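Okay, so here's the structure we're looking at.
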Amino acid sequence: MPAASLTLHFEQALLPAGWRQNVRVSVADGRIAGIAEDAAPQAGDERHAVALPGLPNLHSHAFQRGMAGLAEQRGAGEDSFWTWRQVMYRFLDRLTPEDVAAIAAQAYVEALESGVTRVGEFHYLHHDRDGAAYADPAAMAAAIAAAAAETGIGLTLLPVFYAHSGFGGAAPTEGQRRFVSTLDGYARLHEACGKAIFGLPDSVLGMAPHSLRAVTEAELAELLALVPEGPAHIHVAEQTAEVDACLAWSGARPVEWLLDHAPVDARWCLVHATHMTGAEARRLAESGAVAGLCPITEANLGDGLFPAEPFLAAGGRFGVGSDSNVLIDAAEELRWLEYGQRLLRRGRNLWPRAPGESCGMALYRGALAGGAQALGADCGIAPGHAADLITLAADHPGLAARVGEALVDGWIFAAGRGAIDTVWRQGAKVVSGGRHHAREAVAARFRSCLARLL
Ligand SMILES: [Zn+2]
């Protein structure tokens, strides 16, 4: 529930114009009603040292939190994304909506405790165990919405259309039966998803063709006609095998094909976009779409490294996602964006574009703006926006004696999730002292769910 009214005072706060001192933020009905800079604290203010806007997580498959760390055993042949996917298909085979609600709540508690205030749920586990639609086709989406309501995280729901197992309309496999829909079935599902999130304040409904493997050109056009507005997300060019298959099918690479055949613009988020030529990276940047980067998962799955240099040089927009949720830590997600590039290019401070610019700030402000764009959400601590705020624990050793942008560098490179102190969602305090108010109850339910499943 949004907080009715309160006033917060911060010694330092990151506002859209930059770091400011002695900032008073008044909140009414979950939104920021006013901001005063260089303002002394007043009686009744809740006082904290360092505030930032909460970070959006633009790409999550919440149920995969339940299999985190369970695909790290060497198999008989060569392990890859594709063998990991078999483990994932076996894990989800038995999940009920109650299981998904329990696992998603755990993922969302961990996300909030790491500084994330909104999640983009790329939701493709729709149907019952035999592949038939539930009586309520959005029963699984309702489980996601219940987890968001319980934990307080902002939700952008992206119901996925999934119809094929490979390029050119190949028939889906048995392991994909819980994902697949006809276009008519998807239209019913999408409408039901809207009802499932109706009671969630400031929730957003988008849509998501799963990938070019799962959707034909004609289906993509029909989806865009069915859902003409709101966020549109798609997985693309995550694996080299996908690039090779797309070239064999069409003569074009996946991002190239998508830019040539779909009206890719600022409503779009291309998730991963790992394997692009420099020309593709520049065209994607120029489209205004967001690149949805998930560096922890991309490392875990052995995907490859995003071509940051041509993309950023062309002004490309990006955000971060926790994707498989193998480990949930917003700071680590941002750190690995930069570290991947350092290892690849044997240099340092590669994400900032200007001399003197803080690397942590370039990562944070970019991911804040791109994440908000991709999720159809507010961006930053400003009047009228949702009061989605986080504070850093100024006494954390990784933040000692730091001011302004050095705090963000300290958080991302020297501290991590342990530096998050308080999180407000729509002005309601959901995390204090680094702990979510429902942490114990959610974790107990998660443990008993996994004990049954495993
Ligand atoms: Zn994904």
For this session: Mind counting the residues in region 285-297 that are surrounded by 22 or more Cβ atoms within 10 Å (Cβ to Cβ) and out of contact with any Phe, Trp or Tyr (no Cβ under 7 Å at 6 or more places or on another chain)?
Result: 3
Exercise. Within region 414-441, how many residues turn out to be hydroxyl-bearing (S, T, Y), open to solvent by 50 Å² or more (accessible area, probe 1.4 Å) and in contact (Cβ under 8 Å) with a residue 12 or more places away in the chain?
Worked result: 0
Problem set entry | Every residue from region 366-412 that is outside any helix (DSSP H, G or I) and small (G, A, S) | G376, A377, G380, A382, G384, A386, A387, A393, A394, A400, A401, G404
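Looking only at region 75-127, which residues are of a type in the set (G, A, S) and free of Cβ contacts under 8 Å to residues at least 60 places away in the same chain? Write out each step before concluding.
Just the residues of region 75-127 that are of a type in the set (G, A, S), to begin with: 75-77, 80, 101-102, 104-105, 107, 111, 114-115, 120.
Correct list: G75, A76, G77, A101, A104.
Can you go through Y134, Y108 and tell me which one is aromatic (F, W, Y), closer than 25 Å to N57 by Cβ and either more than 16 Å from the ligand (Cβ to nearest atom) or surrounded by fewer than 24 Cβ atoms within 10 Å (Cβ to Cβ) (or both)? Show your work before the answer.
Numbers: Y134 fails: closer than 25 Å to N57 by Cβ.
Exactly one residue qualifies, and that residue is Y108.
Looking at region 154-175, which of its residues are among the aromatic types (F, W, Y) and over 12 Å from Y124 (Cβ atoms)?
Within region 154-175, the subset among the aromatic types (F, W, Y) is 161-162, 167.
Hit for region 154-175 is F167, nothing else.
Specify the residue that is farthest from A372 (Cα to Cα); the eligible residues are those in region 298-324 that are within 16 Å of the ligand (Cβ to nearest atom) and hydrophobic (A, V, I, L, M, F, W, C).
Initial filter on region 298-324 (within 16 Å of the ligand (Cβ to nearest atom)): 298-304, 306, 318-324.
Pick out the ones that are also hydrophobic (A, V, I, L, M, F, W, C) and you get 299, 301, 306, 318, 320.
Details: A299: 24, L301: 26, F306: 20, F318: 10, V320: 11 Å.
Across region 298-324, the extreme among qualifying residues is L301.
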For this session: Looking at (1) more than 27 Å from I412 (Cα to Cα); (2) open to solvent by less than 30 Å² (accessible area, probe 1.4 Å); (3) in contact with a strand residue (DSSP E or B) (Cβ under 7 Å, 6 or more places away or on another chain), find the lone condition where F318 falls short.
Result: (1)
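When residues of region 107-145 are filtered for being among the small types (G, A, S) and touching a His at 6+ places or on another chain (Cβ under 7 Å), how many remain? Let's see the steps before the verdict.
Within region 107-145, the first condition is being among the small types (G, A, S), and the residues that meet it are 107, 111, 114-115, 120, 131-133, 135, 138-139, 141-143, 145.
With the extra rule that they be touching a His at 6+ places or on another chain (Cβ under 7 Å), the set shrinks to 120, 133, 141.
Within region 107-145, residues that are among the small types (G, A, S) and touching a His at 6+ places or on another chain (Cβ under 7 Å) number 3.
Could you list all residues from region 1-52 that are touching a Leu at 6+ places or on another chain (Cβ under 9 Å), part of a loop (DSSP other than H, G, I, E, B) and in contact (Cβ under 8 Å) with a residue 24 or more places away in the chain? Explain how you work it out, then say what you get.
Filtering region 1-52 down to residues touching a Leu at 6+ places or on another chain (Cβ under 9 Å) leaves 8, 10, 12-14, 19-20, 23-28, 32, 35, 37, 44-52.
Keeping just the survivors that are part of a loop (DSSP other than H, G, I, E, B) gives 37, 44-45.
Those that are touching a Leu at 6+ places or on another chain (Cβ under 9 Å), part of a loop (DSSP other than H, G, I, E, B) and in contact (Cβ under 8 Å) with a residue 24 or more places away in the chain: G44, D45.
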Problem set entry | Qualifying residues in region 173-209 (those that are under 24 Å from W249 (Cβ atoms) and free of Cβ contacts under 8 Å to residues at least 12 places away in the same chain) - the one surrounded by the fewest Cβ atoms within 10 Å (Cβ to Cβ) | E174
For this session: Test each condition in (1) closer than 25 Å to L95 by Cβ; (2) among the polar types (S, T, N, Q); (3) more than 22 Å from the chain's Cα centre (by Cα) for T216 and report the one that comes out false.
Result: (1)
Exercise. Quick one: is A76 more than 13 Å from the ligand (Cβ to nearest atom), in a strand (DSSP E or B) and among the small types (G, A, S)?
Worked result: no
Seminar exercise, completed: Taking first residues from region 350-377 that are closer than 22 Å to A266 by Cα and second residues anywhere that are surrounded by fewer than 19 Cβ atoms within 10 Å (Cβ to Cβ) and of a type in the set (K, R), the pairs with Cβ under 9 Å that are 6 or more apart or on different chains are A362/R353
Problem set entry | Test: G30 is on the phi > 0 side of the Ramachandran plot and open to solvent by 40 Å² or more (accessible area, probe 1.4 Å) | no
Problem set entry | One residue from A252, A266, A248, A241 being in a loop (DSSP other than H, G, I, E, B), over 22 Å from the mean Cα position of the chain (by Cα), surrounded by fewer than 24 Cβ atoms within 10 Å (Cβ to Cβ) and modelled with pLDDT of 95 or more | A252
Exercise. Any idea which residue in region 341-383 is nearest to L312 (Cα to Cα), counting only those that are of a type in the set (G, A, S) and open to solvent by 40 Å² or more (accessible area, probe 1.4 Å)?
Worked result: A354
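Being of a type in the set (D, E) and touching a helix residue (DSSP H, G or I) at 6+ places or on another chain (Cβ under 6 Å) is true for just one of E286, E280, E238. Which residue is that?
Numbers: E286 fails: touching a helix residue (DSSP H, G or I) at 6+ places or on another chain (Cβ under 6 Å); E238 fails: touching a helix residue (DSSP H, G or I) at 6+ places or on another chain (Cβ under 6 Å).
So the residue among E286, E280, E238 that is of a type in the set (D, E) and touching a helix residue (DSSP H, G or I) at 6+ places or on another chain (Cβ under 6 Å) is E280.
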Seminar exercise, completed: Taking region 223-238 and the residues there that are assigned to a helix (DSSP H, G or I) and touching a strand residue (DSSP E or B) at 6+ places or on another chain (Cβ under 9 Å), the one that is farthest from the ligand (Cβ to nearest atom) would be L226
Seminar exercise, completed: L327 meets each of (1) open to solvent by less than 10 Å² (accessible area, probe 1.4 Å); (2) within 16 Å of the ligand (Cβ to nearest atom) with one exception, condition (1)
Exercise. With respect to the numbered conditions (1) at pLDDT 95 or above; (2) touching a strand residue (DSSP E or B) at 6+ places or on another chain (Cβ under 6 Å), which one is the sole condition not fulfilled by S5?
Worked result: (1)
Problem set entry | Scope region 276-297; condition away from the ligand (no atom under 15 Å from the Cβ), assigned to a loop (DSSP other than H, G, I, E, B) and out of contact with any Cys (no Cβ under 8 Å at 6 or more places or on another chain); matching residues | M276, T277, G288
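The values are calculated or read from the model by the stated rules, or taken from the named source; none is laboratory data. All values reported here derive from a predicted model rather than from experimental measurement. In this analysis, Cβ positions are derived from the backbone assuming ideal geometry, glycine residues included, and neighbour counts consider all displayed protein chains. Surface areas here come from the heavy atoms of the whole protein model, side chains and all, with no ligands, DNA or RNA. Shrake-Rupley method; radii C 1.70, N 1.55, O 1.52, S 1.80 Å.
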